[in-house]
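Here's the structure, in structure tokens; my notes come after.
Rule-based calculations on the coordinates, nothing more; no lab input. What you see is a predicted model; the values in this text were computed from it and never measured. Backbone-built Cβ (ideal geometry, glycine too); neighbour counts: all protein chains shown.
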Amino acid sequence: MKRVYVYKAFNRFWHWTQAALILFLALTGFEIHGSYTFFGFDNAVQYHNVAAYSLMILIVFAIFWHFTTGEWKQYIPTFDNVKTQLNYYVFGIFKNAQHPTKKTVLSKLNPLQKLTYFGLKILVIPVIVSSGLLYMLYRYPQRHGVEALNIESLEIAAVVHTLGAFLLLAFIIAHLYLITTGEKVTSNLKAMITGFEEMIHEEEKSAENLSSQKIE
Ligand code: HEM
């Protein structure tokens, strides 16, 4: 086994900041929704707005990083081996089967992760951000509001936004379970904290060879 550097500094910064912001947005958002009282409604709205602006700034930097480093290619979805990967999670994992996908520096995601993260990037996150922005623009129309946004469109934005929030929550629950399914229970978590992943000799060799090639 050798430690291979898989997650670079910005990758880890982006991952953990995004995770913290999304959890905080869920905490404050569901208070606004009326699910519980914690910060108090007015504070929850204020905190939700600040976290939302922070997330949007982070997204701009993340888009820049994805395109300048070529990392976006990791997320191109594929249906190859999706069934094998699903079979592994549903059956193989409980029989101590081998992981069907080998992780390398240039291909760190399995087919199921590619599909899920692609869906998050091009559907769930854009939907929650744009419906949230519509919500913001409507809520304060006294000064800079958009005239075309009436009460009916606010309702649609609110429902879509809440739906997006539930989808993100479902993702987080599945994600928390799946991070425990690496070589050891804590392997994936450690890798996203330190950047280094333990790989067996063969994988380590291919990962190092690949890392020396430039991602185009
Ligand atoms: C950049 C992203 C986001 C923006 C711009 C945004 C914006 C907003 C705004 C303006 C509101 C209404 C606040 C008010 O009533 O004054 C709201 C509500 C809410 N937000 Fe967000 N938000 C974002 C991300 C999120 C995320 C990531 C989640 C959860 C994971 C979330 C969950 C909620 C929920 C559940 C509500 C209450 C909806 C309702 O009951 O009508 N938001 N958001």
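Normalised by the empirical 2.2 N^0.38 Å for globular proteins, what value does the Cα Rg of the stretch 79-198 take?
Against the compact-globule rule of thumb, the ratio is 1.45.
How big is the dipole moment of the chain about its Cα centre under a simple scheme where the beta carbon of each Lys and Arg is +1, that of each Asp and Glu is -1, and everything else is neutral? Debye, nearest 20, please.
600
Of the options GLY70, TYR177, THR104, report the single residue whose Cα projects farthest towards the positive end of the charge dipole of the chain (beta-carbon charges: Lys, Arg +1; Asp, Glu -1).
THR104
Full extension from TRP16 to THR186: what is 0.36 nm times the residue separation minus their Cα-Cα distance, to one decimal in nm?
Fully extending the segment from TRP16 to THR186 adds 59.6 nm.
More than 16 angstrom separation, counting every C-alpha pair in the stretch 51-147; what % is that?
It works out to 69 percent of all Cα pairs.
Among the complete DSSP H segments of the chain, which ones combine at least 30 Å of alpha-carbon extent along their axis with a mean Kyte-Doolittle hydropathy of -0.5 or more?
Correct list, ordered by number: 9-33, 41-69, 151-178.
Could you work out the helix-only [θ] at 222 nm for the chain, with each DSSP H run of four or more residues adding -39,500 (n - 2.57) and the total divided by the number of residues, to the nearest 500 deg cm²/dmol?
That calculation yields -21000 deg cm²/dmol at 222 nm.
Whole number please: convex hull volume per residue of the Cα set in the chain, in Å³?
152
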